Amino acid sequence: EHIAHALNISVDRAAAIRRETTITHATMTDTANASIKFILESFLIKEIKRILSAKQTQIRSIILTGGITHLSGISTFISEHLSLPCSIGNTWQHINFQPDMRATLEACGPELSVATGLALKTKNPSA
């Protein structure tokens with residue numbers, strides 16, 4: 001939604017841009033990519049830094065989930081800004097599923113990470 005608002009475009013178009021954009025220092029020159037970089041630095045990076053500074057324990061790495069993981073290069077971008085290892089979470093890592101479902105589940109996995117975790121927690125409340 002931040003991308004859509006900043007660029008004054010529909011949420012669907014912003015989602016398409018997110019899927020088509022690769023975040024690197026070299027690609028941040030045109031207006032759309034510069035806006036995405038600004039949004040990431042102004043909101044996402046700033047919020048992560050705020051959370052990291054409030055934590056009593058040391059954070060050694062970041063695992064990303066959600067739709068932002070479709071933004072190519074995002075883990076490198078965040079890692080470079082925060083000087084922490086950053087990777088994309090694998091929602092299905094400990095889930096058994098039919099092999100023919102792999103492509104479908106991997107495509108939607110990041111968006112379903114919270115729902116999957118809650119479903120597992122409900123199934124096994126002591127976890």
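The values are calculated or read from the model by the stated rules, or taken from the named source; none is laboratory data. Since the model is a prediction, treat every value here as computed from it, not as a measurement. When we count neighbours, we look across all protein chains shown, and the Cβ atoms used for this are built from the backbone with ideal geometry, even at glycine. Accessible surface is based on the protein model in full, side chains and every heavy atom, while ligands, DNA and RNA are left aside. Shrake-Rupley method; radii C 1.70, N 1.55, O 1.52, S 1.80 Å.
Residues checked against (1) open to solvent by 60 Å² or more (accessible area, probe 1.4 Å); (2) farther than 22 Å from Val11 by Cβ; (3) in contact with a helix residue (DSSP H, G or I) (Cβ under 8 Å, 6 or more places away or on another chain):
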site	(1), (2), (3)
Asn96	yes, yes, no
Asp100	yes, yes, no
Glu111	yes, no, yes
Thr116	no, yes, no
Segment 72-122, residues that are assigned to a helix (DSSP H, G or I), more than 14 Å from the chain's Cα centre (by Cα) and under 19 Å from Ile48 (Cα atoms) | Glu80, His81, Leu82
Search segment 58-71 for residues being part of a helix (DSSP H, G or I) and of a type in the set (Val, Ile, Thr), and hand back the single one that is least open to solvent (accessible area, probe 1.4 Å).
-> Thr69
Listed by first then second residue, the pairs whose first member lies in segment 97-122 and is basic (Lys, Arg), whose partner is surrounded by 13 or more Cβ atoms within 10 Å (Cβ to Cβ) and not in a helix (DSSP H, G or I), with beta carbons under 9 Å and at least 6 positions apart or on separate chains, are Arg102/Trp92
